[in-house]
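Let me begin by presenting the structure, written as structure tokens, before commenting on it.
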Amino acid sequence: QVQFVESGGGLVQPGGSLRLSCAASSAIFDYYAVGWFRQVPGKEHEEVSCITTFIGRTSYVDSVKGRFTISRDNDKNTVYLQMNSLRPEDTAVYYCAPVCGDSADGYSYWGQGTQVTVSS
């Protein structure tokens, strides 16, 4: 089975930046869409951003538009999420998964994720 490892999280002040990485154990990102999700206690996973197999096709939840950028490096089997102008409400555990949009409904194979904490 394909495994995903998220990294790059940490503690950052409001207005700061982080870049998250999602590394896959195989070249799955060559063929499938990949989404970044985040979760806070007591809530469902929220889709933050998605990148498809088509060049230049990306999507973002309204709350992060203009601040976050998703990208991929197929040669490295890695998807990135550049997060700028971070806000306290961005605090969450961030996950990546080979699903986007409607295909994410019911997805349950989440990895360990990476914690992002935005605080002074």
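The values are calculated or read from the model by the stated rules, or taken from the named source; none is laboratory data. Being a predicted model, the structure only gives us computed values, none of them experimental. With ideal geometry, Cβ positions are generated from the backbone for all residues, glycine too; neighbour counts draw on all protein chains shown. Remember, those area values only see protein heavy atoms, side chains included, never the ligands or the DNA or RNA. Shrake-Rupley method; radii C 1.70, N 1.55, O 1.52, S 1.80 Å.
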Report summary line: Heavy-atom accessible area per residue of the stretch 14-53, all protein chains kept, 1.4 Å probe, expressed in Å², is 48
Query raised in the report: By average Cβ neighbour count within 10 Å, what is the ranking of 83-91, 11-19 from highest down?
Result: 83-91, 11-19
**Report entry** Ranked packing of 29-42, 97-110, most packed first, by mean Cβ within 10 Å
**Finding:** 29-42, 97-110
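Under a Cβ-Cβ cut-off of 15 Å, what is the net charge of the residues other than Gly10 that fall near it, where Lys and Arg count +1 and Asp and Glu count -1?
Surrounding charge for Gly10 is 0.
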Report summary line: From the Cα centre of the stretch 1-76 to that of the stretch 101-120, the distance in Å is 9
**Report entry** Rg to Rh, two decimals, where the chain supplies the alpha carbon set and Rh follows Kirkwood
**Finding:** 0.94
